[in-house]
């Protein structure tokens, strides 16, 4: 059984895609996806600019990225 976000089943997903194709037509869908892609790219560039500005404001304390965070297993060690 496949689980989709918001509990959308396979038939509901097929129906939504079919309605989108009927409303916009096959030729408009690539243009819509291109616009969405440009929007996502612009959002990522904006986020990078904000991160750079924060790093320039306080260069001694760069932002920690999730992959740079120390990994723990939930236990504490005492020496």
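When segment 51-79 is examined, which residues are found to be modelled with pLDDT of 80 or more and either surrounded by 10 or more Cβ atoms within 10 Å (Cβ to Cβ) or touching a strand residue (DSSP E or B) at 6+ places or on another chain (Cβ under 6 Å) (or both)? Within segment 51-79, 51, 52, 54, 55 qualify. Once segment 1-50 is narrowed to residues that are in a helix (DSSP H, G or I) and on the phi > 0 side of the Ramachandran plot, the residue that is modelled with the lowest pLDDT is 6.
The values are calculated or read from the model by the stated rules, or taken from the named source; none is laboratory data. None of these values were measured; they are calculated from a predicted model. Here the Cβ is made from the backbone with ideal geometry for all residues, glycine too, and neighbour counts use every protein chain on show.
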